[in-house]
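**Q** Encoded as C-alpha coordinates, here's the structure I'll be asking about.
The values are calculated or read from the model by the stated rules, or taken from the named source; none is laboratory data. Since the model is a prediction, treat every value here as computed from it, not as a measurement. Cβ atoms come from the backbone with ideal geometry, glycine included; neighbour counts cover every protein chain shown. What goes into the accessible areas is simple: the full protein's heavy atoms, side chains included, and nothing from ligands, DNA or RNA. Shrake-Rupley method; radii C 1.70, N 1.55, O 1.52, S 1.80 Å.
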Amino acid sequence: MTTWTARPETADDVAAVRAVNLAAFPTAEEADLVEALRADPQVWIEGLSIVAVGPDGVPAGHALLTRCHVGDHPALALAPCAVLPSAQRTGAGSTAIRAALSAARARRAEENLVVVLGHAGYYPRFGFVPASRLGVRAPFEVPDEAMMALVLDETRPVPTGTIRYPAPFGV
(Lines give C-alpha, C1' and ligand atoms only; values in the text may rest on other atoms or scores of the structure.)
Protein backbone atom coordinates (compact mmCIF):
# COMPACT_ATOMS: atom_id res chain seq x y z
CA MET A 1 0.00 0.00 0.00
CA THR A 2 1.40 3.37 -1.03
CA THR A 3 1.69 6.05 1.60
CA TRP A 4 0.63 9.38 0.12
CA THR A 5 1.82 12.78 1.23
CA ALA A 6 -0.02 15.95 0.28
CA ARG A 7 1.54 19.34 -0.30
CA PRO A 8 0.75 22.55 -2.15
CA GLU A 9 1.59 22.56 -5.84
CA THR A 10 4.86 24.27 -6.73
CA ALA A 11 5.98 25.76 -10.05
CA ASP A 12 7.90 22.53 -10.65
CA ASP A 13 4.62 20.55 -10.43
CA VAL A 14 2.70 22.36 -13.20
CA ALA A 15 3.56 19.83 -15.93
CA ALA A 16 2.90 16.88 -13.60
CA VAL A 17 -0.49 18.30 -12.57
CA ARG A 18 -1.41 18.61 -16.24
CA ALA A 19 -0.25 15.02 -16.83
CA VAL A 20 -2.38 13.74 -13.92
CA ASN A 21 -5.48 15.51 -15.28
CA LEU A 22 -4.81 14.34 -18.85
CA ALA A 23 -4.46 10.75 -17.66
CA ALA A 24 -7.49 10.83 -15.36
CA PHE A 25 -10.04 12.19 -17.83
CA PRO A 26 -11.01 11.21 -21.39
CA THR A 27 -10.35 14.70 -22.83
CA ALA A 28 -8.01 17.61 -22.10
CA GLU A 29 -10.92 19.70 -20.79
CA GLU A 30 -10.01 19.39 -17.08
CA ALA A 31 -6.28 19.90 -17.69
CA ASP A 32 -7.08 23.02 -19.72
CA LEU A 33 -9.46 24.19 -16.97
CA VAL A 34 -6.68 23.98 -14.37
CA GLU A 35 -4.41 26.08 -16.58
CA ALA A 36 -7.13 28.67 -17.20
CA LEU A 37 -7.90 28.90 -13.48
CA ARG A 38 -4.20 29.19 -12.65
CA ALA A 39 -3.96 32.14 -15.05
CA ASP A 40 -6.83 34.04 -13.37
CA PRO A 41 -5.61 35.96 -10.29
CA GLN A 42 -9.22 36.64 -9.25
CA VAL A 43 -9.92 32.95 -8.66
CA TRP A 44 -6.55 31.23 -8.13
CA ILE A 45 -5.58 31.02 -4.46
CA GLU A 46 -1.97 30.18 -3.73
CA GLY A 47 -1.70 27.08 -1.57
CA LEU A 48 -5.06 25.55 -2.55
CA SER A 49 -3.81 23.48 -5.48
CA ILE A 50 -2.74 20.31 -3.71
CA VAL A 51 -0.80 17.33 -5.02
CA ALA A 52 -0.57 13.87 -3.50
CA VAL A 53 2.87 12.36 -3.93
CA GLY A 54 4.20 8.89 -3.21
CA PRO A 55 7.66 8.00 -1.91
CA ASP A 56 9.13 8.95 -5.31
CA GLY A 57 7.89 12.54 -4.88
CA VAL A 58 6.01 12.50 -8.19
CA PRO A 59 2.43 13.85 -8.10
CA ALA A 60 -0.13 11.08 -8.62
CA GLY A 61 -3.19 12.97 -7.36
CA HIS A 62 -4.43 16.54 -7.55
CA ALA A 63 -7.23 18.51 -5.88
CA LEU A 64 -7.94 22.14 -6.69
CA LEU A 65 -9.93 24.75 -4.78
CA THR A 66 -10.57 28.06 -6.54
CA ARG A 67 -12.75 31.04 -5.73
CA CYS A 68 -16.33 31.02 -6.90
CA HIS A 69 -19.35 32.83 -5.46
CA VAL A 70 -22.56 31.73 -3.81
CA GLY A 71 -25.02 34.54 -4.15
CA ASP A 72 -22.84 37.63 -3.65
CA HIS A 73 -20.41 35.95 -1.27
CA PRO A 74 -17.05 34.33 -2.05
CA ALA A 75 -16.88 30.55 -1.74
CA LEU A 76 -14.61 27.80 -3.02
CA ALA A 77 -15.16 25.28 -5.81
CA LEU A 78 -13.50 21.87 -5.55
CA ALA A 79 -12.73 20.99 -9.15
CA PRO A 80 -11.14 19.22 -10.72
CA CYS A 81 -9.94 16.32 -8.63
CA ALA A 82 -7.79 13.85 -10.52
CA VAL A 83 -5.67 10.77 -9.88
CA LEU A 84 -3.42 8.85 -12.25
CA PRO A 85 -5.27 5.67 -13.30
CA SER A 86 -2.49 3.53 -11.83
CA ALA A 87 -3.00 5.21 -8.42
CA GLN A 88 -6.81 5.28 -8.31
CA ARG A 89 -8.45 3.64 -5.31
CA THR A 90 -5.21 3.83 -3.30
CA GLY A 91 -6.00 6.96 -1.27
CA ALA A 92 -4.15 9.51 -3.40
CA GLY A 93 -7.32 11.46 -4.22
CA SER A 94 -8.60 11.38 -0.64
CA THR A 95 -5.23 12.54 0.63
CA ALA A 96 -5.22 15.52 -1.77
CA ILE A 97 -8.84 16.47 -1.00
CA ARG A 98 -8.38 16.27 2.79
CA ALA A 99 -5.25 18.42 2.54
CA ALA A 100 -7.00 20.98 0.33
CA LEU A 101 -9.91 21.27 2.76
CA SER A 102 -7.49 21.53 5.70
CA ALA A 103 -5.54 24.29 3.91
CA ALA A 104 -8.80 26.14 3.20
CA ARG A 105 -9.82 25.93 6.86
CA ALA A 106 -6.38 27.11 8.00
CA ARG A 107 -6.60 30.22 5.80
CA ARG A 108 -9.57 31.49 7.85
CA ALA A 109 -10.39 33.64 4.85
CA GLU A 110 -13.69 35.09 3.73
CA GLU A 111 -14.68 31.86 1.93
CA ASN A 112 -16.53 29.59 4.36
CA LEU A 113 -18.17 27.19 1.93
CA VAL A 114 -16.83 24.65 -0.57
CA VAL A 115 -19.03 23.37 -3.40
CA VAL A 116 -18.44 20.30 -5.51
CA LEU A 117 -20.33 18.64 -8.33
CA GLY A 118 -19.52 15.00 -8.01
CA HIS A 119 -20.31 11.44 -7.05
CA ALA A 120 -22.79 11.31 -4.16
CA GLY A 121 -21.16 8.12 -2.90
CA TYR A 122 -17.67 9.64 -2.66
CA TYR A 123 -17.71 13.21 -1.36
CA PRO A 124 -19.81 12.73 1.82
CA ARG A 125 -16.79 11.00 3.43
CA PHE A 126 -15.20 14.47 3.56
CA GLY A 127 -18.28 16.07 5.13
CA PHE A 128 -20.08 17.22 1.99
CA VAL A 129 -23.89 17.26 2.06
CA PRO A 130 -26.42 18.06 -0.67
CA ALA A 131 -25.99 21.79 -1.29
CA SER A 132 -29.76 22.28 -1.28
CA ARG A 133 -29.75 21.55 2.48
CA LEU A 134 -27.70 24.72 2.91
CA GLY A 135 -29.78 26.84 0.54
CA VAL A 136 -27.23 26.58 -2.27
CA ARG A 137 -28.25 25.94 -5.89
CA ALA A 138 -26.35 25.02 -9.02
CA PRO A 139 -26.62 27.40 -11.99
CA PHE A 140 -27.68 24.47 -14.21
CA GLU A 141 -29.84 21.34 -13.97
CA VAL A 142 -28.16 18.69 -11.87
CA PRO A 143 -29.42 15.88 -9.62
CA ASP A 144 -29.79 17.20 -6.08
CA GLU A 145 -27.47 14.58 -4.58
CA ALA A 146 -24.65 15.43 -7.05
CA MET A 147 -24.35 19.13 -6.10
CA MET A 148 -22.76 19.15 -2.67
CA ALA A 149 -21.38 21.67 -0.22
CA LEU A 150 -19.23 21.70 2.90
CA VAL A 151 -19.09 24.41 5.55
CA LEU A 152 -15.50 25.09 6.63
CA ASP A 153 -16.35 26.72 9.98
CA GLU A 154 -19.78 26.15 11.54
CA THR A 155 -19.36 29.23 13.76
CA ARG A 156 -19.24 31.61 10.79
CA PRO A 157 -22.00 32.72 8.39
CA VAL A 158 -22.72 30.40 5.46
CA PRO A 159 -23.71 31.96 2.13
CA THR A 160 -26.87 30.91 0.32
CA GLY A 161 -28.03 31.35 -3.25
CA THR A 162 -26.95 30.28 -6.70
CA ILE A 163 -23.36 29.28 -7.38
CA ARG A 164 -21.45 31.53 -9.77
CA TYR A 165 -18.46 29.68 -11.16
CA PRO A 166 -15.43 31.53 -12.58
CA ALA A 167 -15.46 32.15 -16.33
CA PRO A 168 -13.03 29.29 -17.16
CA PHE A 169 -15.72 26.79 -16.08
CA GLY A 170 -17.84 27.95 -19.02
CA VAL A 171 -21.17 27.91 -17.14
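**Q** Near Pro130, within a Cβ-to-Cβ distance under 12 Å, what is the net charge of the other residues, with Lys and Arg +1 and Asp and Glu -1?
**A** 0
**Q** Right, something else. In region 45-171, carbon and sulfur make up what percent of the accessible area (probe 1.4 Å)?
**A** Carbon plus sulfur share of accessible area: 52 percent.
**Q** Moving on. To the nearest Å, what is the center-to-center distance of region 11-70 and region 91-165, using C-alpha atoms only?
**A** Comparing the Cα centres of region 11-70 and region 91-165, I get a distance of 18 Å.
**Q** In deg cm²/dmol and to the nearest 500, what is the mean residue ellipticity at 222 nm of the chain if only DSSP H runs of at least 4 residues count, each as -39500 (n - 2.57), divided by the residue total?
**A** -7000 deg cm²/dmol
**Q** Mind ranking 156-165, 91-100 by how tightly packed they are, going by the mean number of other C-beta atoms within 10 angstrom, highest first?
**A** Highest-to-lowest ranking by the protection proxy: 91-100, 156-165.
**Q** What number comes out for accessible area per residue over region 36-171 if the probe is 1.4 Å? Units Å², please.
**A** Accessible surface, normalised per residue, equals 46 Å².
**Q** I've got another one for you. Can you give the extra length, in nm with one decimal, that the chain gains between Thr3 and Ala167 once fully stretched, where that is 0.36 nm per residue apart less the Cα-Cα distance?
**A** Result for the pair: 55.4 nm of gain on full extension.
**Q** Can you tally the net charge around Ala11? Count Lys and Arg as +1, Asp and Glu as -1, for every other residue whose Cβ sits under 15 Å from the Cβ of Ala11.
**A** Here the charged neighbours net out to -2.
**Q** Can you check what the net charge comes to around Leu22, using other residues whose Cβ is under 13 Å from the Cβ of Leu22 (Lys, Arg +1; Asp, Glu -1)?
**A** Net local charge, Leu22 excluded: -3.
**Q** Subtract the Cα-Cα distance of Ser86 and Ala15 from 0.36 nm times their separation in residues, and report this length gain in nm to one decimal.
**A** Contour length minus the Cα-Cα distance gives 23.8 nm.
**Q** Here is a follow-up. At a Förster distance of 22 Å, what's the computed FRET efficiency of Ser102 paired with Ala23, Cβ-Cβ distance as r, to 0.05?
**A** 0.30
**Q** A follow-up question, please. Compute the Cα gyration tensor for region 92-171, then decide on rounded, prolate or oblate, letting a ≥ b ≥ c be the square roots of its eigenvalues: rounded whenever a/c is under 1.5, prolate when a/b is larger than b/c in the other cases, and oblate in all that remain.
**A** Rounded is the answer for region 92-171, as its axis ratio a/c remains below 1.5.
**Q** What size of dipole, in debye to the nearest 20, comes out for the chain about its Cα centre when the only charges are +1 on Lys and Arg C-beta atoms and -1 on Asp and Glu C-beta atoms?
**A** It comes to approximately 440 debye.
**Q** While we're looking at this one, here's another question. Leaving ligands and nucleic acids out of the surface, order Glu9, Glu141, Glu154 by accessible area at 1.4 Å, largest first.
**A** I get Glu141, Glu154, Glu9, largest accessible area first.
**Q** On a full-extension model of 0.36 nm per residue, what is the gain between Glu110 and Arg133, subtracting their alpha-carbon distance, rounded to one decimal in nm?
**A** Answer, rounded to one decimal: 6.2 nm.
**Q** Here is a further query. What order do Met148, Met1 take when sorted by accessible area (1.4 Å probe), most exposed first?
**A** Met1, Met148
**Q** Can you say what percent of the DSSP beta bridges in region 1-124, counting only those with both residues inside, are antiparallel? Round to 5.
**A** If we restrict to bridges inside region 1-124, about 90 percent are antiparallel.
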